[in-house]
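The values are calculated or read from the model by the stated rules, or taken from the named source; none is laboratory data. This one's a predicted model, so the numbers in the text were calculated from it and none came from an experiment. We place every Cβ from the backbone using ideal geometry, glycine too, and count neighbours over all the protein chains shown.
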Amino acid sequence: MPGLHLDTRDQALLDGKQGKAMQFAMKIIVAAARIDRAESLIEVSFAHINSCFYSGRAHLDFVQFLLQHNAQLAVPTWTNTGLVALDDFSIRDPFASDEVSEARQLMEAYVQLGCKPVWTCAPYQLPGRPQLGDHIVGSESNAVSFYNSVIGARSNKYGDFFDVSSALTGRVPLTGLHR
């Protein structure tokens with residue numbers, strides 16, 4: 001089987017010509033592509049990310065690295081649910097624990113990165129959702145199922161960090177439901 005072919009833009013990202021954050025993101029995409037034995041990457045037009053949901057300190061460290069190195073989203077990117085409510089402290093005191101405080105910081109960091117803060121696991125109910133034939137990045141399982149089966153957009157179920165890396169690069173491996 002032939003190896004992964006990168007176009008000049010992908011190779012420039014991988015070589016770090018757009019900075020450390022973009023290089024790191026492309027390394028994640030390329031590693032996943034090689035694991036899946038993809039021969040190429042394709043463009044995506046939208047992302048709905050789950051990396052904004054706090055599952056430990058690594059999530060906050062990851063987005064802080066991206067911000068410190070001037071990462072820029074390549075596609076419109078919406079947020080999945082978060083661990084805390086940013087607008088209603090009565091639901092959960094934002095300073096109740098380190099976990100809650102870091103979850104709040106994480107959510108705010110993704111807004112700072114440029115994500116549209118929809119904070120929903122059902123983004124397909126919102127205006128501006130993907131359309132038939134769109135290749136997208138989905139990380140919420142019910143949304144991925146809805147996009148693929150009802151709308152006719154195409155997405156694999158992507159995990160944390162990969163979802164943001166794809167939103168930054170605008171690329172995913174040509175594998176699975178993208179074929």
Over 16 Å from the mean Cα position of the chain (by Cα), modelled with pLDDT of 95 or more and surrounded by 22 or more Cβ atoms within 10 Å (Cβ to Cβ): which single residue out of Ala38, Ala47 fits that description? Ala38
Got at least one residue in the range 51-60 being touching a helix residue (DSSP H, G or I) at 6+ places or on another chain (Cβ under 6 Å), at pLDDT 95 or above and under 20 Å from His135 (Cβ atoms)? yes
Out of everything in the range 157-179 that is more than 12 Å from the chain's Cα centre (by Cα) and crowded, with 18+ Cβ neighbours inside 10 Å, what residue ends up being nearest to Ser40 (Cα to Cα)? Pro173
Determine, yes or no, whether Gly16 is more than 15 Å from the chain's Cα centre (by Cα) and farther than 26 Å from Pro123 by Cα. yes
Before we move on, is Val137 closer than 27 Å to Leu174 by Cβ, surrounded by 13 or more Cβ atoms within 10 Å (Cβ to Cβ) and β-branched (Val, Ile, Thr)? yes
Residue pairs qualifying under the 6 Å Cβ cut-off, at least six apart or on distinct chains, with the first in the range 30-50 being touching a residue at least 60 places away in the same chain (Cβ under 8 Å) and the second being aromatic (Phe, Trp, Tyr) and assigned to a strand (DSSP E or B), are His48/Trp78
Could you check, for the range 85-101, whether at least one of its residues is at pLDDT 95 or above, among the β-branched types (Val, Ile, Thr) and surrounded by 15 or more Cβ atoms within 10 Å (Cβ to Cβ)? no
Pairs with Cβ under 6 Å, 6+ apart, first in the range 76-93 and closer than 27 Å to Val137 by Cα, second at pLDDT 95 or above and of a type in the set (S, T, N, Q): Asn80/Asn50
